[in-house]
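The values are calculated or read from the model by the stated rules, or taken from the named source; none is laboratory data. Computed from a predicted structure; not experimentally measured. Heads up, the Cβs are rebuilt from the backbone with ideal geometry, glycines too, and the neighbour counts pull from every protein chain shown.
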Amino acid sequence: MLSLKNISKYYQAGGNKISVLNNVNLDVDAGEFVSIMGPSGSGKSTLLNIIGMLDEPSEGYHYFMNEAVHQLKEKSRSALYKEYIGFVFQAYHLIDELTVYENIETPLIYQNIKSAERKALVADMLDRFQIVGKKDLFPAQLSGGQQQLVGIARALITKPRLILADEPTGNLNSKQGEEIMELFRKLNKEDKVTIIQVTHSEKNAEYGSRIIDVLDGKIDSSRNL
Amino acid sequence: MFRNYIKTAFRSLKKNKGFTLINVLGLALGLAICLLIVFYVIDEMSYDRYNLNADRIYRVNNDIKFGGSENSYAVAPAPMAAALQAEFPEVEKAVRFRQNGSFRVKKGNQDIQEHHFIYADPDVFSVFTFPMLSGDPNTALKDPKAVVITERMANKYFNSTNVVGKTLLLDDTVNFKITGVIKDIPKQSHINADFFISMITLAESKEPSWLNNNFQTYILLKPGSDVKVLESKFPKMVKEHVDPQLQNVIHMSYDDFTKTGSYFKLSTIALKRIHLESNMQAELGPNGNIRYVYIFLAIALFILLIACVNFMNLSTARSANRAREVGVRKVLGSARKHLIAQFLAESIMVTMVSTIIALIIAWGLLPIFNQMAGKELSISMQSLVWLVPAVIAIILVIGCLAGSYPAFFLSGFQPIEVLKGKLAAGFKGGFLRSFLVVFQFSISIFLIIGTLVIYNQLKYIQNKDLGYNRSHILVVKNLYALGNQAKTFKDEIKQMPEVANATLTGYTPTMDYRNSNSLFQTATLDVKNALNTQMWYVDEDYVNTLDIKMIKGRNFSKQMLTDSLAMIINESAAKKLGLADPLDKTLYMPLDQQAKHVKGYHIIGIMKDFNFNTLRENVSSLTMVLGEERGALSIRVKSADMPAFVSRVEKQWKSINPNQQFEYSFMDEDFDATYRTEQRMGKIFVSFTSLAIIIACLGLFGLAAYAAEQRTKEIGIRKVLGAGVSSIVAMLSLDFIKLVLISIVIAAPLAWFAMHQWLQGYAYRQNIQWWVIALAGVGAIVIAFVTISFQSIKAALINPVKSLRSE
């Protein structure tokens, strides 16, 4: 599904070149559930952002769904991730001014989907996540776990092939975290959605099928579970 | 998608109530002022356009230089209209007007003083568009003692408009036959009359003299003729007609006359330009001034700009709060153009709400504005014709203009950076924002200085020693009504214990009786040392009643019988005469057209100059002789209880003639009325300036709030490190105060220059003093500081634990 070849990322800070990722190679197949682990500052978030095309590598080759991403223009890149990738953030990043319903609907609007169809899709999603009763609430009226649920629902609404989750349980208590991870596992098993998550927790990492350890901008190890 | 934008916009605005309020209110205030000004300007520009022939109507003006003084007159000689029509094919019709005082009109057994009388030639109704309700417009003014009245007057005197054939008794003496009723003349007309009397009634209208100018003369050109061509033929006509008469009166040919530097020059002005551009002697009424239209438009633009700048500034300052939303939307797949559209939609929405509020504010302020500007503006169906498209245009243009910067600025964010929270520093480095604040405050300071200068000048006018004393003078008007008993009335008033003195004459500094004349130093009327001067008919109490100082010689005296040929002149006249000692010299005045008889006046006194014209002009020559003039009785009063005194004078008046209206005023109030335009402008300036400053401060208040919010973390850290409240307030305020200082540097010279130009219109003026500019600068800083410190102190008082916990 995706393949990173010799990916490096560095910043210019003052006179120094600060390397964040150093010659990273990574292949992820469709249907995998990959957990990226590593200490703070090891470069795992940057790696995830590059995979999600929110960030560009300084060097290397990046293939996604058989497209050479490193050669694509901004516009086609954006079209590519719009179609195939859903994001889940640690801080949920819901739009405060929109209700649960509208938050989930927003990506569909940007894909120019008709209003009637949008309604059906969002209704399905609300049903599936059992948050129908909360559809008219605003994010501030929800608990963290519920907000993250909405965040995931929003990520799934466009039927992405790949979900990228940056510490999805980082702001949640352990019970809420478990529920979210169960949800991910279910999505991976039943809906065949490929998932790549960044996490600090060994326990959460074990929900996946593979754990990648990142250290100082390099992939330190890759374990299949 | 559009609904989604509106929803987000609406909720986002609702969430930031304070911000929205500042934004909407500021813009609404600005727009309301603009609307009022546009109302005013449109009204001023629409003068005389109701005339269907407006494009072909011109007034003939006369520039005259004679006896050392030159003047532009809106009037021309009586026979000129006929000559124009006879001699030039371009002229289709020519119509004369003549204003000659007011009349008392009889209603039942009551006499009502009416002021809007005008004598007019019969063709007036075919040149001007005064639709006639009843009567024949072609013949209405053909016969003597015919009068055409307006609908309003017909209703006032007869409760009906069907009054053709009835009579009006004027001044209790003459019956005028009503030959027509016309619709009321629109307010936007420089001709403002309620009674048109047939010109033939006036003997003066048949006089052949080309040397007296008393008739406002309007011509209707034939379609397609060029007024410039017509004007080029004027000099020849003037010469032909003036030359023989000049030979008769001063025994000089027109060529010799022009060789002495004197001239008569005829010119034309288009009807539509008269109201705003003409300000000559003997206008039909006070006109507007195009300069004020420009000034108003400039103020409107300034205020609108300030309000727009607020909008832009607050929106971008707030960008950090919106940045996360932008980031999320971008990650969710929004293209940049969608975001731009979203922010523009938001800004247009705010503008729309503001415009609606502005309309309500403007509508509510209209009566106050009317009072200040001396107008009778109203929102009518006619105004809707331009108002509706204007409002839509305003919403779109201002909405896009004010929204464009935040739209492009915000939509350009990189999602990953804002989501990581890197844009917290979004407030700093806003060069554009600083620039806009400087711009706003420059305008505000400019307006403050302008206001101060205008006020200073008005105060100066109020307090200037005019050479006479205008306080405690009651002016009883129109003693013609008392006929021969005017003098008796004066004597009776003088007997009253509260009265210090009284003088009977209409020639006072505050009334508009004027009489210019040419006096000669030789009985042969040698033009070379002629004195063109005002010549007033007064009585022997004049000098003492008005407290005018005599420099040399003496006042008129009742005891000296020879004083009927005596004359007092002012300093300026004395200077103009160029004599070492003008006292006891004689000045000669021709008594008839042919100058066969002359009258010599013996100079018995020289008085100190007093300002009998407005302070816009220098004091010119003035001579006074004894004569019975009954225009007014000016009474110098000792008593403090004016109302009681006035009622006693009225009683006295009624005892002489119970049917006559008693009209009075106070000289100091009349004096103030002369400067009503300035006073109006002053008031409007102050109001607008205050509003401009309030709007600018609203913006600054919002900006300061966001600056403080953005720097919450920095403030927290500084406090943990030991910074005191005052040092933090200073830190936050200084950024803005610096901008205000720059504004002062920019605005002060500009304002000084502009106001210096304005002051040139006054012969007597208070030049701009340094403290005016200092005061404006200090004022702006203080206002800005107070506005900012509210936010700064609030920010400085926050517990650092709270602000640092954010992550």
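A few remarks follow.
- Selection over segment B:322-366 of residues that are small (Gly, Ala, Ser) and away from chain A (no Cβ under 14 Å) gives a count of 5.
- Within segment A:44-58, the residues that satisfy the criterion of being hydroxyl-bearing (Ser, Thr, Tyr) and facing another protein chain (nearest Cβ under 10 Å) are A:45, A:46.
- Residue in segment A:187-195 that is over 14 Å from the mean Cα position of the chain (by Cα), in a strand (DSSP E or B), crowded, with 21+ Cβ neighbours inside 10 Å and touching a residue at least 24 places away in the same chain (Cβ under 8 Å) present: no
- Just one of the listed residues (B:347, B:378) is in a helix (DSSP H, G or I) and of a type in the set (Ser, Thr, Tyr), namely B:347.
- Residue count, segment A:110-163 (criterion: closer than 16 Å to residue A:92 by Cα, within 11 Å of another protein chain (Cβ to nearest Cβ) and part of a loop (DSSP other than H, G, I, E, B)): 2
- Every residue from segment B:764-799 that is touching a Ser or Thr at 6+ places or on another chain (Cβ under 9 Å) and aliphatic (A, V, I, L, M): B:776, B:780, B:783, B:784, B:788, B:795, B:796, B:798
- Taking the numbered list (1) at pLDDT below 85; (2) closer than 30 Å to residue B:646 by Cβ in turn, residue B:427 passes all entries but (2).
- Among helices (runs of 4 or more DSSP H) entirely within segment B:76-174, having at least 2 residues that are closer than 27 Å to residue B:515 by Cα and within 33 Å of the chain's Cα centre (by Cα) singles out B:80-87.
So that you can scan it fast, the table gives a plain yes or no per residue for (1) of a type in the set (D, E, K, R); (2) surrounded by 14 or more Cβ atoms within 10 Å (Cβ to Cβ); (3) not in a loop (DSSP other than H, G, I, E, B):
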{"site": "B:187", "(1), (2), (3)": "yes, no, no"}
{"site": "B:197", "(1), (2), (3)": "no, yes, yes"}
{"site": "B:210", "(1), (2), (3)": "no, yes, no"}
{"site": "B:216", "(1), (2), (3)": "no, yes, yes"}
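- Filter result for the condition that a residue is modelled with pLDDT of 90 or more and in contact with a Lys or Arg (Cβ under 8 Å, 6 or more places away or on another chain), over B:479, B:504: B:504
- Residue within segment B:371-382 that is within 14 Å of chain A (Cβ to nearest Cβ) and either under 36 Å from the mean Cα position of the chain (by Cα) or within 24 Å of residue B:695 (Cα to Cα) (or both) present: no
- Selection over segment B:257-285 of residues that are of a type outside the set (Gly, Ala, Ser), crowded, with 17+ Cβ neighbours inside 10 Å and part of a loop (DSSP other than H, G, I, E, B) gives a count of 3.
- Restricting attention to segment B:668-687, the residues that are among the β-branched types (Val, Ile, Thr) and under 21 Å from residue B:611 (Cβ atoms) add up to 2.
- Restricting segment B:157-185 to residues that are touching a helix residue (DSSP H, G or I) at 6+ places or on another chain (Cβ under 6 Å) and surrounded by fewer than 15 Cβ atoms within 10 Å (Cβ to Cβ), the residue that is nearest to residue B:75 (Cα to Cα) is B:184.
- Only listed residue being surrounded by fewer than 16 Cβ atoms within 10 Å (Cβ to Cβ) and under 42 Å from the mean Cα position of the chain (by Cα), chosen from B:757, B:766: B:757
- Within segment A:88-108, restricting attention to residues that are at the interface with another protein chain (Cβ under 9 Å from one of its Cβ atoms) and over 22 Å from residue B:5 (Cα atoms), the residue that is surrounded by the fewest Cβ atoms within 10 Å (Cβ to Cβ) is A:91.
- Residue ID - nearest to residue B:317 (Cα to Cα), chosen from residues in segment B:4-41 that are surrounded by fewer than 17 Cβ atoms within 10 Å (Cβ to Cβ) and away from chain A (no Cβ under 14 Å): B:18
- Some residue of segment A:66-85 being at pLDDT 85 or above, under 20 Å from residue A:199 (Cα atoms), crowded, with 20+ Cβ neighbours inside 10 Å and more than 9 Å from chain B (Cβ to nearest Cβ): yes
- Single residue of A:211, A:219 found to be β-branched (Val, Ile, Thr), farther than 22 Å from residue A:54 by Cβ and in a strand (DSSP E or B): A:211
- Some residue of segment A:170-184 being at pLDDT 90 or above and not in a helix (DSSP H, G or I): no
- Single residue of B:588, B:537 found to be on the phi < 0 side of the Ramachandran plot and either in the same structural domain as residue B:99 (by TED's automatic domain parsing) or within 33 Å of the chain's Cα centre (by Cα) (or both): B:537
- Residue B:242 in contact with a strand residue (DSSP E or B) (Cβ under 7 Å, 6 or more places away or on another chain), under 27 Å from residue B:531 (Cα atoms) and free of Cβ contacts under 8 Å to residues at least 60 places away in the same chain: yes
- Residue match in segment A:8-19 (condition: free of Cβ contacts under 8 Å to residues at least 24 places away in the same chain, surrounded by fewer than 16 Cβ atoms within 10 Å (Cβ to Cβ), within 14 Å of chain B (Cβ to nearest Cβ) and farther than 16 Å from residue A:166 by Cβ): yes
- Subset of segment B:572-581 (residues that are surrounded by fewer than 20 Cβ atoms within 10 Å (Cβ to Cβ) and of a type outside the set (A, V, I, L, M)): B:572, B:575, B:578, B:581
- The residues on offer are A:82, A:119, A:114, A:75, and the sole one that is within 28 Å of residue A:45 (Cα to Cα) and without any contact (Cβ under 8 Å) to a residue 24 or more places away in the chain is A:75.
- Here the condition is being more than 14 Å from chain B (Cβ to nearest Cβ) and at positive phi; of A:203, A:175, A:192, it holds for A:192 alone.
- Scanning segment B:587-617 for residues that are surrounded by fewer than 18 Cβ atoms within 10 Å (Cβ to Cβ) and touching an Asp or Glu at 6+ places or on another chain (Cβ under 9 Å) yields B:593, B:602, B:608.
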